[in-house]
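Student: Okay, here's the structure, questions in a sec.
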Amino acid sequence: MPNLSLTQRIGLLISHLRNAGSLLWKWEASIKGVTLGRQITFAGRPIISVARDSSLILRDRVSLNNSLRSNPVGCFQPCILRTLAQGAILELGERTGLSGAVVVAGKEIRIGEGTQVGAGAMIIDNDFHAPVGEWDWSYDTTTHAKPIRIGRGCFIGARAIILKGVTIGDRAIVGAGAVVAKDVPPGHRAVGNPARIIPP
């Protein structure tokens, strides 16, 4: 390590220790039923749960940034990946990267190859609750769930929210803080709340 300052050497050591911990978190994920591709990287410990008879798949070279310093803008929480019901599918394509993002599938969420999901973004295919009777609520993650499909090479900005039933085309960009409730064509941008679509 020629010409590195003491603080740079310490930073490099911490980075190596964080990557060593990645082995433990990958082992934990596989015990929970996650299908892991090759060269997966966990920077810090993600929160993962897999419902019985559902599929949570991380393809080759997926990267999950879960610790505060693992992303230039910081991660205020770890990545949260969950399948909530029997038959649900959550799939992250090759070279997908997430930073402190929440991806929760009651039915189906597929994120394409090379897509990046910014710090604190949320991708959720269901409403979690449905009204029951006059004033009550049920915990229902499947009845009104609609699949989400995000294409290849997309960028989902920090704190964006992708709602149920949305399809985002290849190479589309979702701006930071956008709330997306309708499809985004390939190569287009979605910005604002509610998101408006801007052509290339």
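The values are calculated or read from the model by the stated rules, or taken from the named source; none is laboratory data. Quick caveat, the model's predicted, so the values are computed rather than measured. Every residue, glycine as well, gets a Cβ built from its backbone with ideal geometry; the counts of neighbours run over all protein chains shown.
Student: Taking strands (runs of 3 or more DSSP E) that fall entirely within segment 1-98, which contain at least 1 residues that are modelled with pLDDT of 80 or more, among the small types (G, A, S) and surrounded by fewer than 19 Cβ atoms within 10 Å (Cβ to Cβ)? Step through it out loud before you land on a result.
Tutor: Working: elements: 41-43, 47-50, 55-58, 63-65, 80-83, 89-92.
By residue number, 47-50, 55-58.
Student: Filter segment 117-136 down to the residues that are buried (at least 19 other Cβ atoms within 10 Å of the Cβ) and under 17 Å from A172 (Cα atoms) and list them by number.
Tutor: First, pick out the residues of segment 117-136 that are buried (at least 19 other Cβ atoms within 10 Å of the Cβ): 117-121, 123-126.
Residues satisfying the conditions are V117, G118, A121, I123.
Student: Return a yes/no flag: does segment 113-128 have any residue that is without any contact (Cβ under 8 Å) to a residue 24 or more places away in the chain and either over 13 Å from I156 (Cα atoms) or part of a loop (DSSP other than H, G, I, E, B) (or both). Break it down into steps so the answer makes sense when it comes.
Tutor: Applying the first criterion (without any contact (Cβ under 8 Å) to a residue 24 or more places away in the chain) to segment 113-128 yields 128.
Those still in the list that are either over 13 Å from I156 (Cα atoms) or part of a loop (DSSP other than H, G, I, E, B) (or both) too: 128.
Yes.
Student: So in segment 125-151, with the set limited to residues that are within 18 Å of R82 (Cβ to Cβ) and of a type in the set (F, W, Y), which one is modelled with the highest pLDDT?
Tutor: Filtering first and then ranking leaves F128.
Student: Residue pairs, Cβ under 8 Å, 6 or more apart or interchain, first in segment 49-61 and farther than 13 Å from K107 by Cα, second in a strand (DSSP E or B) and of a type in the set (S, T, N, Q). List them.
Tutor: So the pair list comes out as S49/T83; I57/T35; L58/T35; R61/T41.
Student: Okay, moving on. Do we have any residue at all in segment 175-195 that's closer than 21 Å to V62 by Cβ and not in a loop (DSSP other than H, G, I, E, B)?
Tutor: Scanning segment 175-195, I find no residue that is closer than 21 Å to V62 by Cβ and not in a loop (DSSP other than H, G, I, E, B), so the answer is no.
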